[in-house]
Amino acid sequence: MKGILCTLLISLWVMTGCSHNSEETEMPLEMPIDFNFMVSFGYGDVTKNVIDTYMGTVTKDLIIKGSETANIIFTTDELREIYDKMKAIDIMGPKELSKEGSCFKTPSNEDKWKITVDGETKTFSWTDQNCGMTEDANQLLELRIYIQHMVEGTEAYKSLPEAEGGYD
């Protein structure tokens with residue numbers, strides 16, 4: 001009888017332990033104090049645009065004039081808005097970010113992310129070089145554009161020089 005009970009308890013413990021998905025990190029309802037993110041974006045390997053809350057900076061790609069960095073600090077309300085949008089798309093959960101396509105687009109967009117939430121740090125990237133994007137990549141693009149517009153409205157960003165030239 002003890003053997004059967006012990007076997008049942010071990011089986012239950014193993015099944016419960018196996019159902020945990022280590023890739024998934026539930027984001028707390030309230031924004032944790034260690035919440036930070038960095039997103040770099042641009043064309044192909046030229047990801048000179050960077051928004052970095054770890055360092056409190058924004059870097060603008062000036063194309064033929066290099067790049068320029070300014071200090072930027074988001075308000076608590078702005079960070080909370082960004083956090084809520086990240087939570088809504090389950091940014092810390094598993095993501096499908098690559099999609100095979102029938103073409104090769106150049107230049108292509110590429111975003112690289114690093115996010116810290118509640119002691120967990122996640123890094124990932126996506127590109128549209130195969131002419132198609134997954135739903136997860138589209139959500140990340142929309143999020144980045146939202147954050148980018150927020151940054152572009154700041155005095156720190158407006159004080160940076162204008163870009164010159166373009167990418168082919």
A correct fewest-to-most ranking of 121, 106 by other Cβ atoms within 10 Å would be 106, 121
Pseudo-spin-label distance residue 162 to residue 34, built 7 Å along Cα→Cβ, given in nm, is 4.4
Here FRET efficiency (C-beta to C-beta, residue 54 to residue 131, R₀ 30 Å, nearest 0.05) is 0.35
Ordering 146-155, 82-91 by per-residue average of other C-beta atoms within 10 angstrom, highest first, gives 82-91, 146-155
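Applying a 10 Å radius around every beta-carbon, put 71-77, 109-115 in order of their mean neighbour count, most first.
Top of the packing list down: 109-115, 71-77.
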Per the Cα gyration tensor, the stretch 71-168 corresponds to an equivalent ellipsoid with semi-axes, largest first in Å, of 25, 22, 10
In nanometres, the difference between 0.36 nm per residue of separation and the alpha-carbon distance of residue 85 and residue 65 is 3.8 nm
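Read the figures in this text as sums done on the coordinates, not as results from a lab. None of the values given here were measured: they were computed from a predicted structure. All Cβ positions, glycine included, derive from the backbone under ideal geometry; neighbour counts span all protein chains shown.
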